[in-house]
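Read the structure below first, then the notes.
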Amino acid sequence: MRFKLSGIAAAGAVVLLASTLAAGTRAPDHIVLGASLFRAAWAYKNDRAWLDDQLALLSSHGFTAIRALGAVGKPDEPDFWDGREVDWRWPDYDAVITGLTDHAFDRYGIQVQWTVFGGAPFPDSGDRERLLDRFLAMSRGREGKILAFEIANEYPFNGFEGDAGREELKRLARKMSAATDVPVAASAHDPELCGLYEAAAVDMAMFHFNRTRPDPPWKLVSESGCKTLAPILSNNEPIGPGSSIRSESDPSRLVTGAANSFLSGMQIYIFHSGPGVRDDPNHPERLRPSKLQDLPASELIFRGFEALTNYLPADVHTWTRHPREDPAHPFAIEGSVESALAASRGANFVVVLSGARGPLALTARRAASVEVLAPTTGAILKRQIVKQGERISLQGLPAYVLVDF
């Protein structure tokens, strides 16, 4: 059985979650592949050709969302964002955020996930509240064009420091969530935000997983520190080519990382890369060029993400997940592999094998008709009908996707 992400599937209960969406909230009922494009608002105002080039690239490879910053940089003093600032004090600022939202969706079918405070000076909290009001005003009648609102990127480092800052963040998140049907998140998840989820005061939890840890995303979600999470989950800033702290450019790892996020119950995966943050000719590994297509192995990376949109079911985030050690996993696996997450719905299943080192032997726990796919192309490597107890042998690739056909 083959799947395609682009079809809209019926929504279901996300397997990791206990809460439900507030009435009227527009939640994605299918998995969403997005990309960081932090300077998109700056580009809409100053470099439309670059913006169109990047949006066209993403749209042609199955991406349906970007993450853009609503305010970032210090226009009056030097900082990392020099020449790429998004300044909430621009005279045409409202026209810029409105124009980007319309342009991305109307021309390319791409929703914007707005992170309102990406890091910018605000003289007082009243300025912050007024900026949220401007985004709310912009969103009216455009709710379907906006994937989500996030109040602040990594809030302790972007204007919401200390206990007072965190309480202000929570207050603003509650206010915005109550005022719109667009899903709202407070910031990158930390346990201090658990109360917002438990009170159903926000709709989303956005994860920035620790890039120094090898643990697959679903293990870290289970260690969130919260009794319950928000109904919508996003792998919002995963490791990628040119990401800070640690970087990852291997197409196989990037694509299976996205697949694992979806299989673990997350609806949203945001590809995070150097060009998506901002161009930087001084990057030591040259991983922050101007354009996404200038990344090393970019063709393989984007072809891999496009393939993923064709072989994953659109509602896979609602399926039942099975870690490798789960007796309900479709296969018992022999051999060295970093992760072997499965998701099932009735007789259907998807298995993602990541980080294989050497031959693998998979013993079927039930009868199945199996297709083995190369995750970065979607090419069918093998078709095999197995009875319970029969084996599938794999070797030669670092990752595989198995589906029933």
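The values are calculated or read from the model by the stated rules, or taken from the named source; none is laboratory data. No experiment lies behind these values; they were computed from the predicted model shown. Glycine also receives a Cβ, built like all others from the backbone with ideal geometry; neighbour counts cover every protein chain displayed. Note: accessible area is taken over every heavy atom of the protein model, side chains too, but ligands, DNA and RNA are not part of it. Shrake-Rupley method; radii C 1.70, N 1.55, O 1.52, S 1.80 Å.
Taking the Cα centre of region 103-162 as the origin, how large is its charge dipole in debye, to the nearest 20, when only Lys and Arg (+1) and Asp and Glu (-1) carry charge on their Cβ atoms? Could you put the intermediate results ahead of the total?
On the way: 7 positive and 9 negative charges, 76 e Å.
Roughly 360 debye for region 103-162.
Across the chain, C-alpha contacts under 8 Å between residues 6 or more apart give a mean separation that, scaled by the residue count, equals a relative contact order of 17 percent. FRET efficiency for the GLU325 to LYS387 pair, using the beta carbon distance and R₀ = 25 Å, is estimated at 0.60.
Across all directions, the average flat footprint of the convex hull enclosing the Cα atoms of region 309-405 is 5.5 nm².
Given only helices, namely DSSP H runs of n ≥ 4 each adding -39500 (n - 2.57), what is the per-residue ellipticity at 222 nm of the chain, to the nearest 500 deg cm²/dmol?
Counting only the DSSP helices, I get -8500 deg cm²/dmol.
Over all alpha-carbon pairs of region 193-277, lay out the pair-distance distribution in 5 Å bins, whole %, shortest bin first. All Cα pairs considered, the percentages come to 3, 15, 25, 25, 16, 10, 5, 1. Comparing ALA356, LEU233, ILE66 along the charge dipole axis of the chain, the residue lying farthest to the positive side is ALA356, per the Cβ-charge model. Once the GluC sites (Glu not before Pro) in DSSP loops with at most 14 neighbouring Cβ atoms within 10 Å are cut out of the chain, the longest remaining piece is 1-160.
In a simple Cβ point-charge model (Lys, Arg +1; Asp, Glu -1; nothing else charged), the chain has a dipole of about 1400 debye relative to its Cα centre. When you work out D = kT/(6 pi eta Rh) for the chain at 4 °C and 1.567 mPa s, using the Kirkwood radius from C-alpha pairs as Rh and the Stokes-Einstein form, the result is 60 µm²/s. Approximating the spin labels as points 7 Å out from Cα along Cα→Cβ, the ASN210-to-GLU299 distance works out to 3.9 nm.
Here the chain exposes an accessible surface that is 50 percent carbon and sulfur, computed with a 1.4 Å probe and the other protein chains kept in place. Summarised as an ellipsoid, region 72-124 has semi-axes of 24, 12, 10 Å, derived from the eigenvalues of the Cα gyration tensor scaled by 5 and square-rooted, with the largest first.
Overall, region 287-368 carries a charge dipole of about 60 debye about its Cα centre when +1 sits on the Cβ of Lys and Arg and -1 on the Cβ of Asp and Glu, all other atoms neutral. Counting only Cα atoms, region 83-206 measures 40, 30, 22 Å along its principal axes, largest extent leading.
Here's the picture: a label point sits 7 Å out from the Cα of HIS283 along the beta-carbon direction, and within region 51-87 the residues with their amide nitrogen under 19 Å of it are 51-59, 66-69, 73, 79-86.
Note on the chain: dipole from Cβ charges, positive end direction compared against LEU397, LEU132, TRP90; the farthest Cα belongs to LEU397.
For region 328-405, applying the loop criterion from DSSP together with a ceiling of 12 other beta carbons within 10 Å to the trypsin sites (Lys or Arg not before Pro) yields LYS387. For the pair THR363 and SER247, a Förster radius of 30 Å applied to the C-beta separation gives a FRET efficiency near 0.25, rounded to the nearest 0.05.
Over region 280-405, Cα pairs under 8 Å with separation of 6+ residues give a relative contact order of 22 percent. For region 323-377, the C-alpha radius of gyration divided by 2.2 N^0.38 Å, with N the number of residues, is 1.09.
Can you give the translational diffusion coefficient of region 174-324 in µm²/s, computed by Stokes-Einstein from the Kirkwood radius over Cα pairs at 37 °C and 0.692 mPa s? Result for D is 198 µm²/s.
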